[in-house]
């Protein structure tokens, strides 16, 4: 187990280097960011030269990357164009997005799995059909439509919530945005749980449990659900990274100043430091979530062992 | 019901954490009650230094916390003395500035001649990386503190600035520039307190100025809380207790927040909402001309676009664009078809001349076809209009312009849009002369003078002359106009120069852009100045 974790951590190194290099190159290909700093006017040559020097843009790309990587290892993620250290941007943006993701994951786990269990146990009944149709609708409607619609209905028409989230972005304010963010994944989790549950229902160990005369509740939770959750856990685990990075649309709609907002602005302003820094952290989150999922397998199914 | 209480609670918690904005009865320190308004904002691109801010969002703040020697009248745009008691010159090159007595910064420090001279020296100095440095380029000694040709910087201060006494300083320019005093309302010319130089980082965290508002707190990227400064000595004291600027990523969200009653003032109404803004807000909506003009510039560095008869092609293209239709259908008349190369906010006396473009800006498909044929046809058989697709609904109008051109020329492939992903990349391509074919140029004036609409854009090698158009007669007329002490004559000379721009069709004028704002029922007396920034100090709350 311990050795497995260590090995996995070592495997992260090349993934990390490769991912940062790729992002670094992609942002660099977009061209010279200094050109956009002076509005519709050309920055004068001397100031341009000084700015390029300050941001290290006068160096060849490979050296820029090595310097950047070296700095990152010492915890220095560089400075954005408005003079703020990227670490400071991260310190304000990540807590917000983490809260949003937590809300979204909670929705997925609680609502998604519950619905999945309910429909999985009552296949073909009206509940099942109803939820299936509902999930189909949710999956087929793009997030920005759901988001704008809920914002307009709940925020403007009925006045239940504020259409925009304040800069503190507490959990209470993030319920609706979290639901919007989770909606598509929630539908998948429901369907995944349902199918997986339905498959396992007819397996031998469940029939044995039934024959033993175990209470229904115990069969569902201990025998059926635990075995059916492996694909669901895999999905949710990979979804953590996707939710954090993919919140751009939701964050824009609800004016949440999280990771998506910083990334969007970083890309618009071609701010290499911001974009690479944030994506790097997202890559780390993704890797960590995957590792966590792998370890969870062993908990769910003791037959799976990591050596 | 639970949703309601919880949301409300969150609102009040957020508001009280900053300063009471109407939840409960708290009263903030300066005796400010509930007459505080919230207003939409965007994250400033550069650090909030006067000589480093060149976009509207940062400019919004500077306009509230600073007052310059001159101030542009929010209604007429006329440059009026603010801190300056008088600015005198006999030769349009040597100026003596006398300050009014009694002005201080909001931290109590007196505004003296030194506050200006130090600030300007800081702005011009190359080592400070100030993006507006070139505004000081007329002042003598600029080439030594800011050598542009790659030479070494040999001085730290401008030789053209000299402090005479606490309230007087002199400015010597390197050339005659009669309108120089009128440029001094631009934010880059603001005075700076000693705190700016002594503890620069602290100042940037919470800028201190001499305007009607002081900054109470500033959470970068999220919110700025400004309070009316009780001790403000000027006549334009704030008529409200303060303004809270809230950063919105998307103008649509700001608009939705306004409709839901969570925001008092949203400027820049998104194009998508223009069709229903009247129904949503009734007369709480404003749409006034701003000093912004959109044009199509041409790559004069490209031989295909700079042939002897190319002018006819450019004129033909101009006549193939149905400005009336496009401004009406796409922009709901929030833009006005352009008939010259300046802006209506200048007024007739300031150099705006309605109809100066004449027939060349009128839609006429037959004439367009004829002109383009006479000019040898479109280079390569097709025009590609390059634009940045990230902001400003440029895609909409470029497609519409192309549509209009295609229809006029009876050729479905005559014109296509060429989107560039980001503004930075777009600027990259235009400033390096990489663009083939016409490209979008938007110009927002720095100060309301016709000089500002012509010289930076069309003078040989000027800072925003991306198409590299060059015309000796034009340059000569601009030089003469700048040296002319009589304002009316100078305006006349600029108009003559503008006629050359027209005759050569150096750029196709498309439309003048308006500023727009919508506000809540709590507010009254909302206006926009010619820079499309709300005149905050005049807004009344309640």
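If we only count helices (runs of 4 or more DSSP H) wholly inside segment B:189-274, which ones have 1 or more residues that are away from chain A (no Cβ under 14 Å) and within 26 Å of residue B:446 (Cα to Cα)?
B:194-198
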Is it the case, given these coordinates, that residue B:61 is within 14 Å of chain A (Cβ to nearest Cβ) and modelled with pLDDT under 50? no
Residues in segment B:127-135: is at least one more than 18 Å from residue A:44 (Cα to Cα), within 22 Å of the chain's Cα centre (by Cα) and within 14 Å of another protein chain (Cβ to nearest Cβ)? no
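Matching residues to (1) surrounded by fewer than 22 Cβ atoms within 10 Å (Cβ to Cβ); (2) more than 25 Å from the chain's Cα centre (by Cα); (3) farther than 22 Å from residue A:261 by Cβ:
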site	(1), (2), (3)
A:78	yes, no, no
A:83	yes, yes, no
A:118	yes, yes, yes
A:122	yes, yes, yes
A:137	yes, no, yes
A:148	yes, no, no
Per the filter on segment B:427-447, residues more than 8 Å from chain A (Cβ to nearest Cβ) and in contact with a strand residue (DSSP E or B) (Cβ under 8 Å, 6 or more places away or on another chain) are B:430, B:435, B:436, B:437, B:438, B:439, B:440, B:445, B:447
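Residue B:290: assigned to a helix (DSSP H, G or I), closer than 25 Å to residue B:512 by Cβ and more than 14 Å from every other protein chain (Cβ to nearest Cβ), yes or no?
no
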ask   = Within segment B:41-52, is even one residue in a loop (DSSP other than H, G, I, E, B) and farther than 24 Å from residue B:126 by Cα?
value = yes
Going by the conditions given, is residue A:218 surrounded by fewer than 21 Cβ atoms within 10 Å (Cβ to Cβ) and farther than 29 Å from residue A:81 by Cα?
-> yes
Within segment B:457-480, residues buried (at least 16 other Cβ atoms within 10 Å of the Cβ) and in a helix (DSSP H, G or I) come out as B:457, B:458, B:474, B:475, B:477, B:478, B:479, B:480
Counted residues in segment B:520-542 being over 22 Å from the mean Cα position of the chain (by Cα) and at negative phi come to 7
Point to revise | Test for residue A:1: is it modelled with pLDDT under 80 and more than 14 Å from every other protein chain (Cβ to nearest Cβ) | key: yes
### Task
Could you please let me know if residue A:170 is within 14 Å of chain B (Cβ to nearest Cβ), outside any loop (DSSP other than H, G, I, E, B) and in contact with a helix residue (DSSP H, G or I) (Cβ under 7 Å, 6 or more places away or on another chain)?
no
Does at least one position in segment B:501-515 carry a residue that is touching a helix residue (DSSP H, G or I) at 6+ places or on another chain (Cβ under 7 Å), on the phi > 0 side of the Ramachandran plot and in contact (Cβ under 8 Å) with a residue 60 or more places away in the chain? yes
When every residue in segment A:150-167 that is surrounded by fewer than 16 Cβ atoms within 10 Å (Cβ to Cβ) and either touching a residue at least 40 places away in the same chain (Cβ under 8 Å) or part of a helix (DSSP H, G or I) (or both) is compared, the one nearest to the other protein chains (Cβ to nearest Cβ) is A:152
Hey, any hits in segment B:481-490 for a residue that's more than 14 Å from chain A (Cβ to nearest Cβ), in a loop (DSSP other than H, G, I, E, B), surrounded by fewer than 19 Cβ atoms within 10 Å (Cβ to Cβ) and modelled with pLDDT of 90 or more?
no
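Yes/no matrix, rows are residues, columns are (1) in contact (Cβ under 8 Å) with a residue 40 or more places away in the chain; (2) not in a helix (DSSP H, G or I):
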residue: A:35; (1), (2): no, no
residue: A:59; (1), (2): no, yes
residue: A:83; (1), (2): no, yes
residue: A:92; (1), (2): yes, no
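The values are calculated or read from the model by the stated rules, or taken from the named source; none is laboratory data. Bear in mind the structure is a predicted one, so any value in this text is a computation, not a measurement. No Cβ is skipped: glycine too gets one built from the backbone with ideal geometry, and neighbour counts run over all protein chains shown.
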